[in-house]
Amino acid sequence: MNRIFSGVQPTGNLHLGNYLGAIRNFVTLQDDYESIFCVVDMHAITVWQNPEELRRHTREVTAAYLAAGIDPTQSIIFNQSQVAAHAELAWIFNCVARIGWLNRMTQFKEKAGKHKENASAGLYVYPNLMAADILVYKATHVPVGEDQKQHLELARDIAQKFNNDFGRDFFPLTEPLILGSATRVMSLRDGTRKMSKSEASDMSRINMTDDADAIAQKVRKAKTDTEAMPGLEALDDSGRVSEAARKARPEAFNLIGIYAALADQSLPDVLSEFAGQPFSGFKKALTDLAVEKLGPIGAEMKRLMANPDHVDAVLRDGGERARALAMPILKEVYDLVGFLRP
Ligand code: TYM
């Protein structure tokens, strides 16, 4: 059976993009793959995290996994720092990956901002730890949103170089699974920017724990333009929104993509249903849909967070199972590299 690995950073403000781009797909994939879902706390500290908040956010991501429908008896759910093999393999990958490869990573450039010399060294080697997360389990597939594509290409480069260096087809060349019609959910305030946990304005995103009133207010205030809803003319030959149409009306097509994903409908179906109508009616329908789909998940997350014993037990059990899978693979790596294990 193929194996998937994926992770979410416990940095707070889990949002609709995390849900539609990643977590929702984890739930459907777990039936077809041996699945490992991680809360990547070691990645989170590449930028400063208050320790108390980090613990709370680690439980929050775990609660989101559970509330969305990941079954912890079938899949493995754990937090990264429990399994030291991630850090150990990451060190080896620090020595495999080339500085030139890391210099091309757009996410480092975005996150480090203008003063790169002030960024942590961890932020720079972030993609090497991510490759270690995946390859310490020899995962074959990784479900993610579009923004992780470049990191996964780097993971393949690392696997390939390791295999070449040590003369063995040891690591798989992992495939990304970028699924659904909302693989890049944009900000509600600016359709050219990604919806993000770190955006200062809470109005830019729908959080997984938002209640019905908050969702209604955010959708009502979401930026749109003055024209009516677009129709099928916006699609290109392959049935996707054409670049030109998206560029002209980024906010409109973002909301339409979110609607299609939440409703499990195709884009052509959504476009034909609402074509020519004013945005106000569509926003009402989107609010109802978002409340219907996210409301129960947010409520269950809050219930799980109120008494975290269950969440902690899930992480503990997952940590043990993850360690049991990772250790034999790490041992083989140590032997290949030439580390003496007397
Ligand atoms: P993170 O925590 O930023 O995001 C978690 C998942 O949510 C997806 N995502 C989005 N999808 C659609 N629209 C958006 N606006 C949006 N924002 C986020 C991300 O693509 C991701 O799938 N580096 C990873 C965490 C990680 C990881 C891994 C992932 C660490 N190790 C190994 C896969 C495999 C990250 O920062 O995700």
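The values are calculated or read from the model by the stated rules, or taken from the named source; none is laboratory data. All values derive from a computational prediction rather than experimental measurement. Positions of Cβ are generated from backbone atoms using ideal geometry, with glycine treated the same way; all protein chains shown enter the neighbour counts. Ligands, DNA and RNA are excluded from the accessible area calculation, which covers all protein heavy atoms including side chains. Shrake-Rupley method; radii C 1.70, N 1.55, O 1.52, S 1.80 Å.
Please enumerate the residues belonging to segment 300-320 that are at pLDDT 95 or above, more than 21 Å from the chain's Cα centre (by Cα) and surrounded by fewer than 16 Cβ atoms within 10 Å (Cβ to Cβ).
303, 306, 309, 310, 312, 313, 316, 317, 320
For segment 258-274, name all the residues that are touching a Leu at 6+ places or on another chain (Cβ under 7 Å) and either under 21 Å from residue 208 (Cβ atoms) or modelled with pLDDT of 95 or more (or both).
Answer for segment 258-274, where residues must be touching a Leu at 6+ places or on another chain (Cβ under 7 Å) and either under 21 Å from residue 208 (Cβ atoms) or modelled with pLDDT of 95 or more (or both): 258, 259, 260, 261, 262, 263, 271, 272.
Just one of 205, 193 is open to solvent by 60 Å² or more (accessible area, probe 1.4 Å) and within 12 Å of the ligand (Cβ to nearest atom); which is it?
Details: 205 fails: open to solvent by 60 Å² or more (accessible area, probe 1.4 Å).
Unique residue meeting the criteria: 193.
Scan segment 262-287 for residues that are assigned to a helix (DSSP H, G or I) and either surrounded by fewer than 14 Cβ atoms within 10 Å (Cβ to Cβ) or of a type in the set (S, T, N, Q) (or both) and jot them down.
So the first thing to find is which residues in segment 262-287 are assigned to a helix (DSSP H, G or I), and the list is 262-263, 267-274, 279-287.
Answer for segment 262-287, where residues must be assigned to a helix (DSSP H, G or I) and either surrounded by fewer than 14 Cβ atoms within 10 Å (Cβ to Cβ) or of a type in the set (S, T, N, Q) (or both): 269, 272, 280, 281, 284, 287.
Looking at (1) within 24 Å of residue 290 (Cα to Cα); (2) among the acidic types (Asp, Glu); (3) open to solvent by 60 Å² or more (accessible area, probe 1.4 Å), which is the one condition that is false for residue 32?
(1)
Tell me which of these residue 8 doesn't satisfy, since it passes every other one: (1) within 30 Å of residue 255 (Cβ to Cβ); (2) more than 12 Å from the ligand (Cβ to nearest atom); (3) in contact (Cβ under 8 Å) with a residue 24 or more places away in the chain.
Of (1) within 30 Å of residue 255 (Cβ to Cβ); (2) more than 12 Å from the ligand (Cβ to nearest atom); (3) in contact (Cβ under 8 Å) with a residue 24 or more places away in the chain, only one is false for residue 8: (2).
Take segment 55-77 and flag every residue that is crowded, with 18+ Cβ neighbours inside 10 Å and either over 23 Å from residue 209 (Cα atoms) or more than 13 Å from the ligand (Cβ to nearest atom) (or both). Steps first, please.
Step one: filter segment 55-77 for residues crowded, with 18+ Cβ neighbours inside 10 Å, giving 57-68, 70, 72, 75-77.
Those that are crowded, with 18+ Cβ neighbours inside 10 Å and either over 23 Å from residue 209 (Cα atoms) or more than 13 Å from the ligand (Cβ to nearest atom) (or both): 59, 62, 63, 66, 67, 70, 72, 75, 76, 77.
Please state which one of 161, 114, 138, 149 is more than 30 Å from residue 252 (Cβ to Cβ), surrounded by fewer than 19 Cβ atoms within 10 Å (Cβ to Cβ) and within 15 Å of the ligand (Cβ to nearest atom).
Residue meeting the stated conditions: 138.
Residues being open to solvent by 10 Å² or more (accessible area, probe 1.4 Å) and more than 8 Å from the ligand (Cβ to nearest atom): count how many of those fall in segment 20-29. Can you show your working first?
Our first condition is that a residue be open to solvent by 10 Å² or more (accessible area, probe 1.4 Å); within segment 20-29, this holds for 22, 24-25, 27-29.
When the remaining residues are screened for being more than 8 Å from the ligand (Cβ to nearest atom), the result is 24-25, 27-29.
Counting residues in segment 20-29 that are open to solvent by 10 Å² or more (accessible area, probe 1.4 Å) and more than 8 Å from the ligand (Cβ to nearest atom) gives 5.
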